[in-house]
Amino acid sequence: MTFYDDIYPFYTVQRTPFIFSSRLLTIILVFLVLAVSLLLILPGIRGKSRLFWTFRIVTSLFIGAVIVALNFTNDWAEARMTTKATYKSFSNAVVNAEIGLHVGLYGINVTLKGNPVVQFNETIDYNEMFTWHDTIEEYEEALEKGLPNPILYIAEKFTPSSPCGLIFQYRYSGRYASATLWTAFCCWMLANILFSMPVIRYAGYMVVATAAFIFFSMISFTTIMNVPQCVFYIGTDSFETEYSHSFWLALATGILCTLIGLLVVLLDFLVPEKMKEAFSVGVDGCEDEDDSYSEGYLNSFFLDGVTISPVNLKVTEEHL
């Protein structure tokens with residue numbers, strides 16, 4: 001075994017390629033359990049209200065799951081390219097591979113997949129995560145592992161010593177975007193609590209507030225596009241990041257919350273009684289108590305033996 005025969009015995013075994021985020025899987029499972037638990041009450045609801053409650057539960061849990069999941073997804077912005085590039089250091093071997101950069105609120109994922117996957121007797125399928133708070137340490141570990149050159153090149157762009165300064169742009173925008181998303185999640189929980197009270201209008205206001213904070217998170221993330229972009233050159237090709245699935249999903253969820261909130265507020269102004277009836281909060285306990293005391297039943301068996309004499313009535317009037 002020689003040093004330059006395209007075999008690298010000094011490299012550690014590569015990690016298993018990324019399949020699915022464990023955090024996202026946990027979020028999906030938690031909200032699925034909540035959905036199943038809440039949908040179990042539907043058989044006890046009669047009539048058309050069953051369809052309304054189904055729509056209400058599914059929509060509410062969808063919004064909550066999306067807000068939480070957006071904090072942990074890695075595709076707010078991404079870029080892909082297929083090119084020929086130098087595979088590893090100390091070698092002139094060139095591989096044909098698809099290179100991807102996926103940007104999240106807490107870090108980036110860099111992917112490298114060979115085309116074909118097996119080249120030089122090695123499976124080329126990498127997915128490496130670099131977080132904002134441990135970028136330097138993770139980059140040094142990547143150097144020690146001897147990861148492929150395209151991954152090291154992209155990761156180096158996000159180190160504090162890089163002249164591009166990408167880490168400062170993405171770290172602060174992601175931090176504020178995440179903070180506003182968690183605020184939107186709090187508004188979503190408060191809206192669900194208010195929907196169970198006879199204050200439907202304020203629940204609609206909180207749904208609109210949820211949408212507003214989702215839009216604020218998007219505005220915070222878009223600030224990275226207002227600064228000069230750093231172009232990535234790999235081989236003879238180059239690429240730049242663009243908005244991806246999570247960004248557009250946040251936009252769609254914000255629009256959905258806006259429509260639901262405005263519709264609830266409008267209907268509460270026009271038909272407040274029907275809205276309370278639809279959300280099962282229209283029954284007033286005080287009215288029920290008054291109705292229960294309005295009617296009474298007397299036992300004639302006890303009243304037959306009761307007589308009021310004129311003398312007693314006269315004494316009573318004198319005391320009055």
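The values are calculated or read from the model by the stated rules, or taken from the named source; none is laboratory data. This is a predicted model, so every value here is computed, not measured. Virtual Cβ from ideal backbone geometry, glycine too; neighbours counted across all protein chains shown. Heads up: the accessible areas ignore ligands, DNA and RNA and are worked out on the full protein's heavy atoms, side chains in. Shrake-Rupley method; radii C 1.70, N 1.55, O 1.52, S 1.80 Å.
For the reader, a short list of remarks on this structure follows.
- Filtering segment 234-273 to residues that are at pLDDT 85 or above, aromatic (F, W, Y) and not in a helix (DSSP H, G or I) leaves only Y243.
- Verdict on V118 being open to solvent by 30 Å² or more (accessible area, probe 1.4 Å) and on the phi < 0 side of the Ramachandran plot: yes
- Which numbered condition H133 fails, given (1) more than 21 Å from I234 (Cβ to Cβ); (2) in contact (Cβ under 8 Å) with a residue 40 or more places away in the chain: (2)
- Matching residues, segment 73-115, being over 20 Å from Q229 (Cβ atoms), open to solvent by 30 Å² or more (accessible area, probe 1.4 Å) and not hydroxyl-bearing (S, T, Y): K84, F90, N92, V94, N96, E98, K113, N115
- Any chance H133 is in a strand (DSSP E or B) and farther than 30 Å from A278 by Cβ: no
- Scanning segment 145-156 for any residue that is closer than 18 Å to L249 by Cα and in contact with a Ser or Thr (Cβ under 8 Å, 6 or more places away or on another chain) turns up nothing.
- Scanning segment 39-72 for residues that are under 30 Å from G104 (Cβ atoms) and surrounded by 14 or more Cβ atoms within 10 Å (Cβ to Cβ) yields a count of 14.
- Top-ranked residue of segment 162-214 - restricted to ones that are within 13 Å of the chain's Cα centre (by Cα) and among the aromatic types (F, W, Y), ranked as nearest to A252 (Cα to Cα): F213
- Of all residues in segment 206-239, exactly one satisfies the criterion of being of a type in the set (F, W, Y), crowded, with 20+ Cβ neighbours inside 10 Å and without any contact (Cβ under 8 Å) to a residue 60 or more places away in the chain, namely F213.
- Residues (modelled with pLDDT of 75 or more and assigned to a helix (DSSP H, G or I)) located in segment 274-296: K274, M275, K276, E277, A278
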